[in-house]
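The values are calculated or read from the model by the stated rules, or taken from the named source; none is laboratory data. Note that the structure is a prediction, hence the values are computed from the model and not measured. Don't worry about glycine lacking a Cβ; one is built from the backbone with ideal geometry, like all the others, and counts go over all protein chains shown. Side chains are part of the model used for accessible areas, which takes the heavy atoms of the whole protein and leaves out ligands, DNA and RNA. Shrake-Rupley method; radii C 1.70, N 1.55, O 1.52, S 1.80 Å.
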Amino acid sequence: MKKKLIAILLSGTMVALTACGGGNADGSSASDAGSSAGDSQEAAAQDSGDAGEGAEDSGDAAAAGELVDGKFAETRHITVEVYDRGNDGGSDPTNNMYTEYIKKGMLEDHNVEVEFVKVPRWTEVEEINNLLAAGTAPDICVTYSYPTVLTYADMGGILDLSGYVEDYKSELGNLWDWLGETNIYWDKDPVDGTIWAIEGKIAVNNRINTFVRKDWLDTLGLSAPTTTEDFEAMLVAFEENKDTLLGADADKMIPYSVSYDVGWRAATLIESFIDPDISDREMYVNGYDDRKLTQNGTKEAVKLLNKWYNQGLLWDNFALYGSGDTTEDDMMKAGYVGAFTHNWDYPFRNGEDSINVNLQRNVGEDACYIAIDPFDDSKGTHTKYVSSTAGDRKIFFPHTNDEPLACMLYLDWISNPEHIQYLQIGDEGVTHNVLEGGAIQTIAATGDAIMNSGMNIDYTITCNGLHFADEELTKLSQAYNYAGIDPDIVAEADKIAQTDAVPAKNVNVGAIEAEANIGDTLSAKRDQVYDNAVIASEADFDSVWDSMLADYLNSGGQAIMDERAAKWQETFGDTDMLP
């Protein structure tokens, strides 16, 4: 009866969430890590408590006693979510060289059978909603959306992990060594001690870079821009010289490209308009959404994008193509795009299908994108607000998980640095070579050795970024980890991504009730504010921005900001900055 009640509650929430659309862009981090679950109905709260008690009653404590040298006496079976990115020519995400490595290792080390369940990357929130509502979600779920986790925690749809990470700590040495208390306890409620999700760790804490066609700069005799003014002049030069740069394809010229997710794809520009001395209080109160929509300074940044759009310097159809669409990437690969802002290593990813490799194949050997650092702030620096090392995927167990200890052992197994290393580089001569100096150089793979995600992050769910057993080897190999890409270009992109970087702080003030069940609605409205403001006429910009932002605030944004301000005051008093 209890499971039926939960399924009905989840189904209702799923309909409400999916009706709103939204979803995270690739590589986006979740909403602010300090977000917490909001209101819960009394029955759902009771279900949550019952779910946790039921898990303990099922004999997990006894199961730990069954472990002999880390292995169960009887074979256990678990299911694990893996993203299906729909890569052309990619490997089967549920059955390839890497899944077999994991399955074999888990069976040998823990007597646990592992089955992978694929979830579409670009609609992962909606799909997880459906699976949770149907009671068929994998035992181990992964999402970038913490509001999704909190929504289902509120209704008793997922397990409290606090008892498992603490009671079985002696069996989870790799997990604790890698994540530490910071990541394991990142989302621990300061009042009741619940842990609804464990935060994966970012090994390379780079976020966003701006890229430009180096061959176009060379052709026009331009230097890489180091200020916003220089960047604008460069875009104008691209447009004015499109016949020289593109010849017969001049009408396809796109000086600067953004996508429908403006808040992510223009992040470094937007952040350059924020006061670099902003207080932790202001960053948190206005920071429910990592796209910086309600931060002071964002409007002026978008006004500049609006100006560029009306001057014909931006991709005019950017707002029409949603998450997962390849149109923009295809234009980059074809050679029509002068500059864009994206994840710090975006044009280097995917081996033979990377943007840079395709660009050279289609245009010529000299054609490539390089990282630049053009957007200067009020202090003349290039501040970039990066995630904390805990700002990665959220790992949680649905209430239907009846093998929580086996699942914790899985998280421990994939947190072993030797296992991470294999999953990231595979076999020598197949997916990597060892250079004379010892560095690991990734090479293009074929068949079931193809990695569908950079560094196989879809399997190393507790680790995002290069992480070998030997830290020095990791540093030595970072620039060589992109097949077909000049390591000097990667090294420079890495350097720029870390220049003036400011990591996020964990503001844990407990549940923010106004944030419950609102994430997808506000994400969709946020994108609408950005998109419509950018494409408005310059004369209408202020009215479009102000009216649509007001709708966003009236739809829950202001209530979140108000409650965050109150909770900050309750927790930290008049303090503006955290240690």
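Name, by its number, the condition in (1) in a loop (DSSP other than H, G, I, E, B); (2) buried (at least 20 other Cβ atoms within 10 Å of the Cβ); (3) touching a residue at least 60 places away in the same chain (Cβ under 8 Å) that does not hold for ASN183.
Evaluating ASN183 over (1) in a loop (DSSP other than H, G, I, E, B); (2) buried (at least 20 other Cβ atoms within 10 Å of the Cβ); (3) touching a residue at least 60 places away in the same chain (Cβ under 8 Å) leaves (1) as the failure.
Restricting to segment 69-84, what's the tally of residues that are assigned to a loop (DSSP other than H, G, I, E, B) and either open to solvent by 80 Å² or more (accessible area, probe 1.4 Å) or hydrophobic (A, V, I, L, M, F, W, C) (or both)?
Residues in segment 69-84 being assigned to a loop (DSSP other than H, G, I, E, B) and either open to solvent by 80 Å² or more (accessible area, probe 1.4 Å) or hydrophobic (A, V, I, L, M, F, W, C) (or both): 4 in total.
Going residue by residue through segment 211-219, is there one that turns out to be under 20 Å from the mean Cα position of the chain (by Cα), part of a strand (DSSP E or B), at pLDDT 95 or above and buried (at least 20 other Cβ atoms within 10 Å of the Cβ)?
yes
Under 8 Å between Cβ atoms, at least 6 apart or on separate chains: pull out the pairs that start in segment 296-313 with a residue that is open to solvent by less than 10 Å² (accessible area, probe 1.4 Å) and end on any residue that is at pLDDT 95 or above and hydroxyl-bearing (Ser, Thr, Tyr).
Pairs that qualify, where the first residue is open to solvent by less than 10 Å² (accessible area, probe 1.4 Å) and the partner is at pLDDT 95 or above and hydroxyl-bearing (Ser, Thr, Tyr), are ALA301/SER272; VAL302/TYR530; TRP308/TYR256; LEU313/TYR256.
So, GLY351, is that one among the small types (Gly, Ala, Ser) and either open to solvent by 50 Å² or more (accessible area, probe 1.4 Å) or out of contact with any Ser or Thr (no Cβ under 9 Å at 6 or more places or on another chain) (or both) or not?
For GLY351, the condition - among the small types (Gly, Ala, Ser) and either open to solvent by 50 Å² or more (accessible area, probe 1.4 Å) or out of contact with any Ser or Thr (no Cβ under 9 Å at 6 or more places or on another chain) (or both) - is not met.
Taking THR151, is it among the hydroxyl-bearing types (Ser, Thr, Tyr), open to solvent by 10 Å² or more (accessible area, probe 1.4 Å) and not in a strand (DSSP E or B)?
no
Applying the selection to segment 299-325, what residues are over 11 Å from ALA266 (Cβ atoms) and under 25 Å from the mean Cα position of the chain (by Cα)?
Residues satisfying the conditions are LYS299, TRP315, ASN317, ALA319, LEU320, TYR321, GLY322, SER323, GLY324, ASP325.
(1) surrounded by fewer than 23 Cβ atoms within 10 Å (Cβ to Cβ); (2) more than 30 Å from ASN506 (Cα to Cα): which one isn't true of PHE238, the others all being true?
(1)
Residue by residue through segment 442-492, note down the ones that are aliphatic (A, V, I, L, M) and outside any loop (DSSP other than H, G, I, E, B).
Taking segment 442-492 first, the residues aliphatic (A, V, I, L, M) are 443-445, 449-451, 455, 457, 461, 466, 469, 473, 476, 479, 483, 485, 489-491.
Listed by number, the residues that qualify are ALA449, MET455, LEU473, LEU476, ALA479, ILE489, VAL490, ALA491.
Can you work out which of the residues in segment 104-125 that are buried (at least 18 other Cβ atoms within 10 Å of the Cβ) and hydrophobic (A, V, I, L, M, F, W, C) is nearest to LEU150 (Cα to Cα)?
This residue is VAL125.
Please indicate, with yes or no, whether at least one residue in segment 532-551 is assigned to a helix (DSSP H, G or I), open to solvent by 20 Å² or more (accessible area, probe 1.4 Å) and of a type in the set (Val, Ile, Thr).
yes
Can you spot a residue in segment 389-396 that is touching a helix residue (DSSP H, G or I) at 6+ places or on another chain (Cβ under 9 Å), surrounded by 23 or more Cβ atoms within 10 Å (Cβ to Cβ) and not hydrophobic (A, V, I, L, M, F, W, C)?
Within segment 389-396, one or more residues are touching a helix residue (DSSP H, G or I) at 6+ places or on another chain (Cβ under 9 Å), surrounded by 23 or more Cβ atoms within 10 Å (Cβ to Cβ) and not hydrophobic (A, V, I, L, M, F, W, C).
Restricting the first residue to segment 324-339 and requiring it to be under 20 Å from ASN209 (Cβ atoms) and touching a residue at least 24 places away in the same chain (Cβ under 8 Å), which pairs with a second residue that is part of a loop (DSSP other than H, G, I, E, B) and among the polar types (S, T, N, Q) meet a Cβ separation below 8 Å and a spacing of at least six or different chains?
Filtered contacts from segment 324-339: GLU328/SER259.
Quick check: is even one residue across segment 509-523 of a type in the set (Gly, Ala, Ser), closer than 15 Å to TYR284 by Cβ and in a helix (DSSP H, G or I)?
So far as segment 509-523 goes, yes, one or more of its residues are of a type in the set (Gly, Ala, Ser), closer than 15 Å to TYR284 by Cβ and in a helix (DSSP H, G or I).
Can you confirm whether segment 469-477 contains a residue that is closer than 30 Å to PRO120 by Cβ and open to solvent by 10 Å² or more (accessible area, probe 1.4 Å)?
Pass one, segment 469-477, residues closer than 30 Å to PRO120 by Cβ: none.
Looking through segment 469-477, none of the residues is closer than 30 Å to PRO120 by Cβ and open to solvent by 10 Å² or more (accessible area, probe 1.4 Å).
Looking only at segment 397-436, count how many residues are outside any loop (DSSP other than H, G, I, E, B), touching a residue at least 12 places away in the same chain (Cβ under 8 Å) and either surrounded by fewer than 20 Cβ atoms within 10 Å (Cβ to Cβ) or not charged (D, E, K, R) (or both).
Matching residues across segment 397-436 total 19.
Check TRP196 against each of (1) modelled with pLDDT under 95; (2) open to solvent by 10 Å² or more (accessible area, probe 1.4 Å); (3) part of a loop (DSSP other than H, G, I, E, B) and name the one condition it does not meet.
(1)
Being modelled with pLDDT of 95 or more, of a type outside the set (Ser, Thr, Tyr) and surrounded by fewer than 16 Cβ atoms within 10 Å (Cβ to Cβ) is the filter here, so list the residues in segment 89-103 that pass it.
ASP92, ASN95, GLU100
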